[in-house]
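Notes follow once the structure below has been shown.
Read the figures in this text as sums done on the coordinates, not as results from a lab. Because the structure is a prediction, the values reported are computed rather than measured. We place every Cβ from the backbone using ideal geometry, glycine too, and count neighbours over all the protein chains shown.
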Amino acid sequence: MKKIIELTNANFETEVLHATGPVLVDFYAPWCGPCLMLAPLLEQFANEFADKVKFAKVNIDDAAALAAEYEISSVPTLMVFRGGEPVDQVEGFYATRPFKTWLEKAANLNIAV
């Protein structure tokens with residue numbers, strides 16, 4: 001099974017808006033340097049958090065309507081959805097530790113505080 005789902009205009013509603021748990025969506029472009037740098041980190045976290053967070057990505061060139069709907073002005077933009085609604089987002093490349101901390105907080109994975 002693929003760890004990171006490729007989203008399109010056709011499957012976004014099913015995979016993200018109707019998901020039962022948190023979904024991290026990476027809005028990216030294949031020509032974007034920081035997006036390419038972020039990809040291995042997303043793969044790592046998709047494995048690490050596989051049972052807690054669904055990971056998905058949207059190529060803004062192929063799904064411009066989605067990028068416009070969520071007002072994506074720069075890539076990469078990472079957005080966490082819960083219950084079909086965006087709850088948090090960050091733009092740009094994140095180093096491993098700050099990214100993991102943000103993801104845990106945004107996806108509400110820090111049960112013990």
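Starting from the Cα of GLU85, step 7 Å toward the Cβ, then list every residue of region 18-56 with an amide N under 18 Å from that point. Zone members listed by number: 18-25. The chymotrypsin sites (Phe, Trp or Tyr not before Pro) of region 8-63 that meet both conditions, a loop assignment by DSSP and at most 11 other Cβ atoms within 10 Å of the site Cβ, are TRP31. Each residue of region 30-43 was assigned a 3J(HN,Hα) from its phi angle through the Karplus curve 6.51 cos²θ - 1.76 cosθ + 1.60 (θ = phi - 60°); the sequence is x, 8, 8, x, x, 5, 5, 5, 7, 3, x, 5, 4, 4 Hz, with glycine and proline shown as x. Length gained on full extension, ALA68 to ASN108: 11.8 nm, using 0.36 nm per residue less the C-alpha separation. Under the rule a/c < 1.5 gives rounded, and otherwise a/b versus b/c splits prolate from oblate, where does region 35-102 land using the Cα gyration tensor? The shape class here is prolate.
Starting from region 4-113, pick out the GluC sites (Glu not before Pro) whose DSSP state is loop and whose Cβ has at most 10 other Cβ atoms within 10 Å.
GLU71
If you plug the beta carbon distance of ARG97 and THR20 into 1/(1 + (r/R0)^6) with R0 = 30 Å, you get a FRET efficiency near 0.60. Of all trypsin sites (Lys or Arg not before Pro) in region 1-58, which ones are in loop regions per DSSP and have a Cβ with at most 10 other Cβ atoms within 10 Å? Answer in residue order: LYS2. Just checking the listed ones, ALA95, ALA46, ALA19: in the Gaussian network model of the chain with Cα springs under 10 Å, the one fluctuating most is ALA95. For a straight C-alpha distance cut-off of 15 angstrom, the aspartates and glutamates reachable from LYS3 (same-chain residues fewer than eight places away being disregarded) are GLU15, ASP26, GLU43, GLU48, ASP51. Once both labels are positioned 7 Å from their Cα atoms along Cα-to-Cβ, the gap between MET37 and GLU13 label points is 3.8 nm.
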